[in-house]
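What follows is one structure encoded as C-alpha cells, with my remarks underneath.
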Amino acid sequence: MKFDKPATTNPIDRLTVVGKPHDRIDGPLKVSGTARYAHEQHEVAANQAYGYVVAAGIAKGRIKHMDLSAARKASGVLAIVTADNAGKLTKGNYNTAKLLGGPEIEHYHQAIALVVAESFEQARAAAALVRVDYAPVAGNHDLAGAKDKAVKPKGGGFGGEPDTAVGDFAKAFAEAPVTLDETYTTPDHSHAMMEPHATVAAWNGDRLTVWTANQMIDWSRGDLARTLGMPKDKVRLVSPYIGGGFGGKLFVRADALLAALGARQAGRPVKVALPRPLIANNTTHRPATIQRIRIGATKDGRITAIGHEGWSGDLPGGGPETAVNQTRLLYAGANRMTATRLATLDLPEGNAMRAPGEAPGMMALEIAMDEMAEKLGIDPIEFRALNDTQVDPEMPKRRYSQRQLVECMRQGAEKFGWNRRSTKPAHTRDGKWLIGMGVAAAFRNNLLTKSAARVRLDRRGRLVVETDMTDIGTGSYTIIAQTAAEMLGLPLNAVLVRLGDSDLPVSAGSGGQWGANNATAGVYAACVKLREAVVQRLGFNSADAVFEDGQVRSGNRTVPLTQAVVQGDLVGEDGIEYGDLDKQYQQSTFGAHFVEAAVDAFTGEIRVRRMLAVCAAGRILNPKSARSQVIGAMTMGVGAALMEELAVDRRRGFFVNHDLAGYEVPVHADIPHQEVIFLDETDPLSSPMKAKGVGELGICGAGAAVANAVYNATGIRVRDYPVTLDKLIRDLPDAV
C-alpha cells in the first residue's frame, strides 16, 4: 500500500478497540515468567553448551600473544574461538568496530575470544585462565582534549547534514540587544537495560538460527550474514521478547556473532550472555557532548539569531551525536546556524540511545531558553510561545503537519499550577528545602519507514498477525492486536500476534520512535488485503462492507465473518510504503515537561517532587501503554539530569563504573507520581493510523526541566550534567 495522500475516514476511526487503554496482552506471560527471553530459550535447541567472552584489557593496540593452553585443558572445555580460528569475518554495516577483535584492538572490552564449555561455570573458569600479552598504544579518551581536532562528519542518514545556515547569524547575533552565549556538557550514558545481551545459536547444516535480544530483526539478520560471509536467507533471527533496549540492541552485537562461531566450532548449540561490565564497554553507549548555544533577541523577546554547535566523539568510522538537530526546527528566528563536529576517540563505540540527538540536545537548548527568558524578564513559557512557529524555520514554505507546542505549554501550566512559581530563584522554602519549578519543551521528529505484515483468518474465526516487529517492553503485541481487531471487527481476544522472527514479513522494527505508527500501518495494509479477500469470497460489495462485532455487513446482508473461511483460511499480506508527504510537511511530535524539585539547603541533596508531561503526538493507539512509555522516558530524563554518567578513565580509555552498582539510575524512591496528558490529536499526513510515536518524546526536554527547577530553587545554574550536589553545595550558603 502506497501512502502518498492524506488519510481520510477509514475503519480505524471507529475507535472501538484502537485508542482504548487495553492491558498489555503479553503482561501475564511476563509477570508469570513464561515469556522466554533470549537467555531463557533452553528448549529451542537440545544439548546447549555455554560460552564466556574474553574481552580486551586495553583500549588500543595489538595482541602480541594469547596463551590458551591452560584454558584448553580446563574441565569441560569444548572449544575456544579467536580471530585466528574464526575464519574470514567481515564487519557489519551497522557496526563501527569489529565484534571479534584481534590482533588489532579497537576499544576496551572488545571481544577477543570465546571459551565454550559444558557449563557456564566451567566456561567462566576457563576464560579466566586465558593469558594475553598486549602491545598497548596511547589513545585519545577525552572529548574536551580532542575538541579542537574535531572534523565535520559526513552528512546524510537520520542525522541529515552536519551544518545548516539561514540568513546572517553572525551579524544578527552581534547586533542583538540581548544575547546569550553559553556552553553545556552532557556525559557518556549507558543504556543500562535490565536484560543483558544474550544469544542461543544453533546450526543445521549450513543454516544458522539465533535466538537473541534484538530490536531490528532484518538489519541484524543481514549484518550477521554479512559478518559470517553467508547468504542472508540462510540466517534466521528470533527475538520474541526483549527486556529493554533503548537503542542498545538495534544492531547485532558480539554475543550473537560469538555464539554462532562457538556453535560452529563446538558442533552443538551455544548460549552466550554478556556480563554486565561488558554492556557498557563492549556494546554501545550515548556519547558525551559539548554544546555551545548562542541566542540573540530583541528586548521584547523575539529571537533574531540562534546558533547551536555540538561536539562529540567516536571511534574511527563512527558517527556524531546530532545534538543540534532540534534547534533547526523548534523555534523561530530569521538568522540561524547549526554545526556538528566529530572527534576521534578511542573509547567504546558511541551510537544510538533513546532519542539520539534530541535527548542530549534538548538538555542544553532548553536550559539556554530558560536562561534567555530570565535575561529578558519574560516568563519561560511566554518566551517559548512568543517564538513559536508553524513552519520549518529553515524552509518556511514547508508547514508542520501538526504543531501544538504552545497548547501543551498552556495546558501544562494550568494543570501544574505554574502561576505559583516564584519568578525570583531561591525564594520558596518548605522547612529546610528550597523549592523550585522548571519547564522545558519536548520535541522529537516523526520518522516514516516501510513496514509489512501478514494476517490470516482461520476457520475458528481466529485472526493471526505475523510480522518481524519487536516488542522491547513498549506494547507492540497489544497495539498490533488492537489494529487487526479494529480492521476486522473482532474482539481483542480473537487476535493472535506473532512477532520477532526473520521468517515473517519485514517490519519497521523498534527504534527512533517509529515502531508503533509504522508497524501498525503495515498491519493496517495487510488487513485491507484480507478484507478484500473476505468480501470477494462472500460476494459482497467492498465499497460499503462493514466489519463489526464478528460480522460482515453489506447493504441488507449480514453474515458471520467465519462464513468467509468455511472453504479454508484467508490470508492478506501487504506493507505500508510512503510517498513524499513527510517531505512536503514537517512531521514532529511535541510536548511540555513540568517539574517541581526540592533542594536541601544544607546538603544540596535534590528531590524531584512532581512531574507532568503534556504530549501532542498524533492519535494515541493505547493510552495505557503510551503513558507507560512517557513516564519511563521521564524517569530516564531524571536519571540523565541528576545521576547518570559513565566515568571515563582517561589514562586507560574505559568506563570505570560499568555495572549497576556504580552507574546510577533512578529507583522507585527517586521518582514521584508522574502525570501525563495527551492532547486530542490526529495527523492524517502521518499514516492511515493518523498516529505518531511517544516512546522517545518523553525523554526529550525532561532533563532540562529538572535542571531548570533546581535553578529556580537555588539560583545556582549548572550547565554540566549531571546536576549533582557537589556542583551546588559550594554556593548554597549564598542561596540560603
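Counted over all Cα-Cα pairs of region 163-242, pairs farther apart than 22 Å make up 55 percent. The helix-based estimate of mean residue ellipticity at 222 nm for the chain, built from -39,500 (n - 2.57) per DSSP H run of four or more residues and divided by its residue count, is -7000 deg cm²/dmol to the nearest 500.
Taking a ≥ b ≥ c as the square roots of the eigenvalues of the Cα gyration tensor, the chain is classed as oblate, since a/c reaches at least 1.5 and a/b does not exceed b/c.
Can you give the % of DSSP beta bridges in the chain that are antiparallel, to the nearest 5? Don't skip to the end; give the middle numbers.
Numbers: 101 of 133 bridges.
Counting DSSP beta bridges with both partners in the chain, the antiparallel share is about 75 percent.
Computed over protein heavy atoms with a 1.4 angstrom probe, the accessible surface ordering of Phe3, Phe602, largest first, is Phe602, Phe3. Overall size of region 647-734 from C-alpha positions, given as principal axis extents largest first: 52, 39, 25 Å. Each listed q (0.26 Å⁻¹) maps to a log10 I(q)/I(0) for region 558-644, found by the Debye formula over equal Cα scatterers with no solvent: -1.30. Computed over region 357-426, the range of Cα coordinates on each principal axis works out to 43, 24, 23 Å, biggest value leading. Take every pair of alpha-carbon atoms less than 8 Å apart whose residues are at least six positions apart; their mean separation over the length of the chain yields a relative contact order of 17 percent.
Measure off, as a whole percent, the carbon and sulfur share of the 1.4 Å-probe accessible area of the chain, all protein chains present. Carbon and sulfur together cover 49 percent of it. The phi-based Karplus calculation (6.51 cos²θ - 1.76 cosθ + 1.60; θ = phi - 60°) puts the 3J(HN,Hα) values of region 61-75 at x, 9, 8, 7, 7, 10, 9, 9, 4, 5, 5, 5, 7, 5, 4 Hz, whole numbers, x for Gly and Pro. Restricting the calculation to alpha carbons of region 237-393 gives Rg and Dmax of 21.3, 74 angstrom. The ellipsoid that matches the Cα gyration tensor of region 474-532 has semi-axes, each √(5λ) in whole angstrom, of 18, 13, 11, with the longest given first. Using only alpha-carbon positions in region 13-142, the gyration tensor eigenvalues give semi-axes of 39, 23, 13 Å once each is multiplied by 5 and square-rooted (largest first).
Using a ≥ b ≥ c from the Cα gyration tensor of region 644-685 (square roots of the eigenvalues), is it rounded, prolate or oblate, where a/c under 1.5 gives rounded and otherwise the larger of a/b and b/c decides, a/b for prolate?
Values: a/c = 5.96, a/b = 2.04, b/c = 2.92.
The shape class here is oblate.
In terms of its C-alpha gyration tensor, region 2-87 has a prolate overall shape, because the principal axis ratio a/c (a ≥ b ≥ c, square roots of the eigenvalues) is not below 1.5 and a/b outweighs b/c.
Could you grab the relative contact order for region 222-378? Cα pairs under 8 Å, six or more apart, rounded to a whole percent. Working shown, then result.
Numbers: 233 pairs, mean separation 33.0, N = 157.
Relative contact order of region 222-378: 21 percent.
What percentage of all Cα-Cα pairs in region 97-227 are separated by more than 17 Å? Taking all Cα-Cα pairs of region 97-227, the fraction more than 17 Å apart is 81 percent.
Run through every distinct alpha carbon pair of region 333-453 and return the Kirkwood hydrodynamic radius in angstroms, one decimal place.
17.9 Å
Working note: Cα atoms of region 590-736, range along each principal axis, descending, whole Å: 54, 41, 25. Cross-link partners for Lys91 among the aspartates and glutamates, with Cα-Cα distance under 19 Å and sequence neighbours closer than 8 places in the same chain left out: Glu104, Glu106, Asp218, Asp223, Asp233, Asp255, Asp314, Asp346, Glu349. Each of Val17, Pro196, Ala70 was placed along the dipole of the chain (beta-carbon charges, centred on the mean Cα), and the one lying farthest toward the positive end is Ala70. Entry comment: accessible area of the chain is 38 Å² per residue, from protein heavy atoms only and a probe of 1.4 Å.
The alpha-carbon positions of region 172-218 define a convex hull whose volume is 189 Å³ per residue.
The values are calculated or read from the model by the stated rules, or taken from the named source; none is laboratory data. Since the structure is predicted, the reported quantities are computational estimates derived from the model, not experimental observations. Neighbour counts run over all protein chains shown; Cβ positions are idealised from the backbone, glycine included. What goes into the accessible areas is simple: the full protein's heavy atoms, side chains included, and nothing from ligands, DNA or RNA. Shrake-Rupley method; radii C 1.70, N 1.55, O 1.52, S 1.80 Å.
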